[in-house]
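Here is the structure we will look at, set down as structure tokens.
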């Protein structure tokens, strides 16, 4: 009796094992194929992004540079290039790699995904600048076009990421960054950090990125053969020239106020002005809320009432009265009518 019971259990286990293999086999195969497809897509996108980056640097991409960037042996690199050429994303001329129109469009969308995700992590998750790049590298391949559009709208359509890099639009348009490396900035002249290059990581780690983040005003105090001393008004830093070259500046105020623009907080009751821009310092939900309130380029806006306690003030825009704190209004740039500008002088 006991032998028969043991034999029955053994047969049942064997049958379950066969059934398990029959069920698990296709599941594991599908998962393996799905993982392999994701990996193949990520490799494609990393390759396209590398070629685009080298183009913007004016250096050009080669099979050797591509292999070094992706950590692949030349045999696999050549196979990857052949597949990208067959798909119509890449062409080869004189040993150099070039993106087709379709390839550049795809590469720009990967860059857009990377920079929007960095912006989200910085603005909403408060992640330190030093951790953004690696986190975005992992996420950029899984964000769909629809998700990117939602993320862009949620963040208030930011023009630049936390490192100061321009974010491509959904159509692939990119606003060029005009800035001067810290190594070429005149001694004694105040400047504003607008971009910190986050690659290579070994150089980026040597930049006190939180203290020299985009938007911070700095001054070059001293330039020597092996160091550049700068101050952000609170601290002084010595950077090797190779590191300082990855910090880019513009004149103080570039990218924010320019001729004819004033902060909304300066308007007096009775004045009317044209809405021009929301300062890049306002990001995420706060930026989105201001846009939803009607503070978009071209809108006419005027103060309605002054608050005896100072904050908030009431403004009329697009037929609606809204309340803004002075801190918010100081970061909203408007342009007075020409006659008011002449009177103000």
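Points to keep in mind about this one:
- Summarising the label geometry, the points placed 7 Å from Cα in the beta-carbon direction at residue 57 and residue 133 lie 1.1 nm from one another.
- Cα shape, segment 288-334, gyration tensor, a/c 1.5 rule: prolate
- Computed from the C-beta positions of residue 268 and residue 83 and an R0 of 51 Å, the FRET efficiency is 0.20 to the nearest 0.05.
- Rounded Å value of the spacing that divides the Cα centres of segment 50-92 and segment 167-206: 25 Å
Laboratory data are not the source of any read-out in this text; all were calculated from the coordinates shown. Fair warning: this is a prediction, and the values are worked out from it, not measured in the lab. Note: ideal-geometry Cβ built from the backbone for every residue, glycine included; neighbour counts use all protein chains shown.
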